[in-house]
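Have a look at the structure below before the remarks.
The values are calculated or read from the model by the stated rules, or taken from the named source; none is laboratory data. What you see is a predicted model; the values in this text were computed from it and never measured. Here the Cβ positions follow ideal geometry from the backbone for every residue, glycine too, while neighbour counts run over all protein chains shown.
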Amino acid sequence: MPTLKPAPAALAGSPPAPIQAGQYVPRVSLRPSEYTAALIQVLHGKAADWRGAQVLEIGSGSGVVLAALGAMGAASLFGVDIEVEAADEGLALLRELGYAAISRVEQGDMWLPAAGRRFDFIVANLPHFPMPPAPVKGRLASWSYGGGDGRELLNPFLAGLGQHLAPRGRAIITHNAFVDVEQSRAMLRPQGLGLRIAQTFLINIPDVKLELLTPAVLAAETGRTIHRYGPHAFADMHIVEIGALKHPD
Ligand SMILES: C[S@@+](CC[C@H](N)C(=O)[O-])C[C@H]1O[C@@H](n2cnc3c(N)ncnc32)[C@H](O)[C@@H]1O
């Protein structure tokens, strides 16, 4: 059983040593979150849909979402992550699980490594927490930081989706309910894409994240999508499915 170890060098800014074949050890800084668990749960519910699919994940982190899709029979797995250590670890996990022949993980920004390519299925659990840039709980700032309104990564992702989905392609993403879903829907419509909420989960917002949450968002969403009980806070988080618009709305 692999043990978790911290990655102090990477968090301090020095480049991590690449993981050698057969030496996969997951980093604490890339441990999967509640968001990832919810995303995988929804993917499990549609497992037959991913069989034979060409898959892209933007922000592949630990690689575990791609690994789950590999287990569900995806034909190819392509991960992109801005962090060198995440690209390295994601590929190491996929190799460890026997998916080397169908896997590729590249370090790069958003759509750049996938320029000019289209995929049957695109998945993303992007950083979209409205907050200033800051590391949280041993993670790099790029894990959660979504800009003041949470849309800094979400908007370029949505803007590029139409150019990277195959004709009958679909995307499934995590989407905090306190980041405006209707704005996302409006961004997709001109690309001929529609959005539906597949499932909503209640997630805990730990104190360290609550303290960073943009005050205007906290004020507007408390009692609506953010639920506070004494010192404890929770929020609604949607798993959203995106595909071709069947009927203009
Ligand atoms: C919330 S984490 C999700 C990771 C992954 N789904 C998992 O469960 O391990 C978000 C990921 O997006 C990556 N990321 C942040 N900005 C990015 C960008 N501009 N392009 C690609 N990846 C990015 C982060 O490095 C991080 O690994």
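Check segment 188-197 and report whether any residue there is out of contact with any Lys or Arg (no Cβ under 7 Å at 6 or more places or on another chain) and within 16 Å of the ligand (Cβ to nearest atom).
So far as segment 188-197 goes, no, none of its residues is out of contact with any Lys or Arg (no Cβ under 7 Å at 6 or more places or on another chain) and within 16 Å of the ligand (Cβ to nearest atom).
Tell me whether segment 190-200 contains one or more residues that are within 18 Å of Ile58 (Cβ to Cβ) and buried (at least 20 other Cβ atoms within 10 Å of the Cβ).
Yes.
Would you be able to tell me the number of residues in segment 68-104 that are farther than 23 Å from Ala115 by Cα and either outside any loop (DSSP other than H, G, I, E, B) or of a type in the set (A, V, I, L, M) (or both)?
8
Cβ-Cβ distance below 9 Å, separation of 6 or more or different chains: which pairs start in segment 52-67 with a residue that is under 10 Å from Asp81 (Cα atoms) and end on one that is within 6 Å of the ligand (Cβ to nearest atom) and acidic (Asp, Glu)?
Glu57/Asp81; Ile58/Asp81; Gly59/Asp81; Ser60/Asp81; Gly61/Asp81; Gly61/Glu83; Gly63/Asp81
Suppose we filter Asp49, Asp120 for residues that are closer than 18 Å to Ala166 by Cα, assigned to a helix (DSSP H, G or I) and either modelled with pLDDT of 95 or more or under 15 Å from the mean Cα position of the chain (by Cα) (or both); which single one remains?
Details: Asp120 fails: assigned to a helix (DSSP H, G or I).
After applying the criteria, what remains is Asp49.
Go through (1) closer than 30 Å to Leu213 by Cβ; (2) outside any loop (DSSP other than H, G, I, E, B); (3) within 11 Å of the ligand (Cβ to nearest atom) and name the single condition Ala171 misses.
Every listed condition holds for Ala171 apart from (3).
Out of segment 151-163, which residues are surrounded by 15 or more Cβ atoms within 10 Å (Cβ to Cβ) and either more than 12 Å from the ligand (Cβ to nearest atom) or in a helix (DSSP H, G or I) (or both)?
Matches in segment 151-163: Arg151, Leu154, Asn155, Pro156, Phe157, Leu158, Ala159, Gly160, Leu161, Gly162.
Tell me which residues, restricted to segment 137-178, are modelled with pLDDT of 95 or more and hydroxyl-bearing (Ser, Thr, Tyr).
Thr174 - this is the single residue of segment 137-178 that is modelled with pLDDT of 95 or more and hydroxyl-bearing (Ser, Thr, Tyr).
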